[in-house]
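Before any comments, here is the structure.
Readers should treat all values here as calculations from the given coordinates under stated rules, not as data from a laboratory. Here the structure is a predicted model, which is why all the values come from computation and not from measurement. Glycine also receives a Cβ, built like all others from the backbone with ideal geometry; neighbour counts cover every protein chain displayed.
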Amino acid sequence: MQQFTFSELSQDNLPSIVNLVENDFDIDIWNKMVAGQDTEKEQNKLNLIQDYLVNYQLNLMNEATIWARAIYPLLMLAERGNIQAWAEVPLKAKFPHFELAGIVDGVLGKCVAGEIGVPYLVVVEAKRGLEAKNPRFQLYGEMLAAAWSNWHNSPQAEQKIFGCYTISDNWTFVSAVVRNFEDDCPTMTVDTSKEYIQRIEAVTIFKILKFIVN
C-alpha cells in the first residue's frame with residue numbers, strides 16, 4: 001500500500017492516487033458566495049484586521065507572522081456555533097490502495113468534545129521565495145483526506161469539500177466534489193477561484209468563508 005504525507009504530493013505522484021478533473025475557471029461560482037450583508041460587528045472586526053495589514057511591509061514578514069496577523073484572525077471571524085478555526089490539525093485517510101497523512105496548517109470544522117471532527121475547509125500556508133513550490137498538490141491531498149473523513153462519518157456517495165492556499169495575504173479557494181471512495185483511484189472534480197488580496201478584499205474573502213461554514 002502506498003503511503004504519502006501531504007507535503008510529498010506532486011504533479012508526478014498525485015495521478016497515481018486520484019483521478020483529478022480541473023474545471024475551467026468560472027467566476028460566477030464564487031460571485032454567488034459573496035451575496036448578503038455583514039453585521040456591524042463583523043464589519044468593525046474586518047476593519048481592524050485590515051488595519052493590521054495596510055500599514056506594514058508584508059514582504060518583509062515571515063509566514064508565521066502573516067498567518068498570525070492576517071490569515072488566522074479571518075478564519076476565526078468565520079466561526080459559527082461549534083464550527084471553529086483550528087491550526088496545526090492532524091489529518092489522515094486510508095483508501096483501499098493508499099494512505100494519506102500529515103498536519104494541516106488550518107481548518108474550519110465542527111468541534112466535538114474538544115476535537116475537530118468534520119472539516120469543511122482546509123488551508124495550506126504556502127512557502128515563499130526559494131523554498132516555494134506549487135501548493136495545489138498538497139492542498140488537493142488534504143482536501144481528499146478531509147472528504148474521506150467526512151465520508152467515513154457520513155457515507156454519502158459524493159462529498160463536497162472546500163480548501164484554500166494562502167501566499168502572504170493572498171487567498172485562492174478551491175471547491176471539490178469527491179466520489180468513488182472505494183475504487184483504486186477516487187475521482188475529485190475541482191473548481192478554483194481567482195486570487196483574492198486580503199489587504200483590499202477582506203470583505204469578499206470573509207463572505208466566501210461564511211458561505212462555506214453556512
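For Lys94 and Thr189, a Förster radius of 22 Å and the Cβ-Cβ distance give a FRET efficiency of 0.50, rounded to the nearest 0.05. Available extension along the chain between Leu60 and Val21 is 10.4 nm, counting 0.36 nm per residue and deducting the alpha carbon span. Using bins of 5 Å that start at zero, the share of Cα-Cα pairs per bin across region 34-124 amounts to 3, 11, 19, 18, 18, 15, 9, 5, 2, 1, 0, in whole %.
Considering only Gln156, Gln198, Gln50, the Gaussian network model of the chain with Cα springs below 10 Å gives its largest mean-square fluctuation to Gln156. Over the chain, the reciprocal of the mean inverse Cα-Cα separation, the Kirkwood hydrodynamic radius, stands at 17.6 Å.
Cα gyration tensor of region 75-125, axes a ≥ b ≥ c as square roots of the eigenvalues: rounded (a/c below 1.5), prolate (a/b > b/c) or oblate? It is prolate, given that a/c is not under 1.5 and a/b is the larger ratio. Values of log10 I(q)/I(0) for region 130-214 across q = 0.13, 0.23 Å⁻¹ run -0.47, -1.12, by the Debye formula with one identical scatterer at each alpha carbon and no solvent.
Spin-label model, Asp51 to Glu115: label points 7 Å out along the Cα-to-beta-carbon direction sit 4.1 nm apart.
Across the cross-link table entries Lys110/Lys210; Lys92/Lys207; Lys94/Lys133; Lys127/Lys194; Lys45/Lys127, which are compared at the Cα atoms, the separations over 21 Å belong to Lys92/Lys207; Lys94/Lys133; Lys45/Lys127. Of the peptides 28-40, 80-92, 102-114, the ranking by mean beta-carbon count within 10 Å, highest at the top, reads 102-114, 80-92, 28-40. Take the Cα of Ala157, step 7 Å toward its Cβ, do the same at Ala35, and the gap between the two points is 2.9 nm.
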